1. Could you tell me the convex hull volume per residue, in Å³, taken over the Cα atoms of the chain?
2. Given a cut-off of under 8 Å on Cα pairs at least six residues apart, what relative contact order in percent is computed for region 8-67?
3. Taking Cα pairs under 8 Å and at least six residues apart, what relative contact order does the chain come out at, in percent?
4. Roughly how many nanometres apart are two label points built 7 Å out from the Cα toward the Cβ at Asp329 and Gln445?
5. Points 7 angstrom from Cα along the Cβ direction at Asn242 and Ala27: gap in nanometres?
6. List the residues whose amide H sits under 5 Å from the amide H of Val334, counting only those 5 or more places along or on another chain, with H placed 1.01 Å from N in the peptide plane.
7. Consider all pairwise Cα distances in region 147-269 and report the whole-number % of them above 22 Å.
8. Placing +1 at every Lys and Arg Cβ and -1 at every Asp and Glu Cβ, with all other atoms neutral, what dipole size does region 8-67 have around its Cα centre, in debye to the nearest 20?
Amino acid sequence: MQTKTFIGPRLRRLRLERGETQAQMAAALGVSASYVNLLENNQRSVSVQVLLKLMETYGVDWRDLADDEGTTMLADLRAAVQDPLLEGTRPDLAQLRAALVHSPTLAAAFLKLHQGYQSAAEQLLATSEAQEGALPGLQGRPEAVVHNFFRRQRNHFRELEEASAAFWNGDRPETDDTYHALKQRLQAELGIAVRVVPVEALPNTLRFYDQRRGEIVLSQALDHPNRIFQLVHVMGLLTNSNLFDEVVARAGPVEPRAQARLRVELANYFAAAVLMPYGAFLAEATASKYDFDRLATLFGVSFEQACHRATTMQREGAQGVPFFFMRIDKAGNVTKRFNATDFHLAEFGGACPRLDVHTSFRTPARIVPQFVEMPDKSQYFVFSRTVDRPIFERFAQDNRLAVAMGCSIEHVGAIGYAEAFAVPGMRMIPIGINCRICPRANCDQRAYEAAVRAQPLDERRRGATRFDS
């Protein structure tokens, strides 16, 4: 089925930037003024002919016009208005859609203001818990900058996909030969040697590129798939530096640390795209119903890398299941997050304790499935599994983490991990983002007082937790 393309806010912005009326733009495009009005209000999808005419007449890239940033903005708006501060005045979905069509700049300003409010609240919270230290700027942590930028791009970068597709020049080696082929290319094309050294020779470091000696040093703590990944990562940084700079520039003015984090994550994206080519990965994922152990074996990558790659399958016309990805440590801290869904992921501190991603530590390397419902009644299927990280010392504590992958309930039929369940009528576990901002009352798992109380305290009553009185 052909996907309809709506360009309302962008078309209106383009017309206003040119100082034209709808009638003037209609005359330039050879269409009626009423048609331009319908396009601007997203009441009519745009045809290929009109897109090409826009490119010819106004010199804009039709792909930029057709890039549906409104979908991401709508998801961000839906997440933002779930803030407990808006209880009782929360706009509905129709109002949010209308805001995007008629006042996209105002909607973007609201999101920017809400992000600033969140950042300020988190910085104040972090400062109140710290022993010492001054309040940093309100720009947000580098990890938050990375997450928000990737989210705005729907976790998909067309330029990086195109660059990764050209990496092997049509001669992609077999999975078993990839490491050897990468070493040969590094030496032949860049004059860089690869050396694997004992853990003791590279303390607390997995990989180091010694530019002066023209050498990539890998720690023995890395397993084979991660050695390959690190080599492609470095090649990406060296051969696509200008491309990464162009993508980072789209993030706007951010501090140097955030820029560096963006470049690292873009190199990770590039490496994943090289090792798991878009078309081949999507075909295997669909055929296997997203069996990530199988995908990891087929492409010679880790379980976590395969999961992360699945979140990027958002190419227009060839989309996979939209997933969110979250990784936590044993204390419940969120250590990595990427998102192609409406699900709002925890950023500061821990995730909701009702999520079974925490329970997965009891059953290492086994898939733990779960059906959950957010406070806004949106429902998701989530499956979790532990992953092991490199260990540097013989007597070190295990460095086990857990990853959770989730998708909207409407996509559950495409996921093999859900086949054992009778989905219609399935009991949903009520969850929140995390305890600090969750509006749910009477939750027996609450670990913090909610930022905004939904009901007054009653000193005569003792509920399931000390916050429920």
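1. So the per-residue hull volume is 194 Å³.
2. 30
3. 11
4. According to this spin-label approximation, the distance is 2.1 nm.
5. 4.2
6. Counting only residues 5 or more places away or on other chains, the set is Gly349, Ala351.
7. Cα-Cα pairs of region 147-269 separated by over 22 Å account for 42 percent.
8. 120
Bear in mind that the values in this text are calculations on the coordinates, not laboratory data. Keep in mind that what you see is a predicted model, and the values were worked out from it rather than measured. Neighbour counts run over all protein chains shown; Cβ positions are idealised from the backbone, glycine included.
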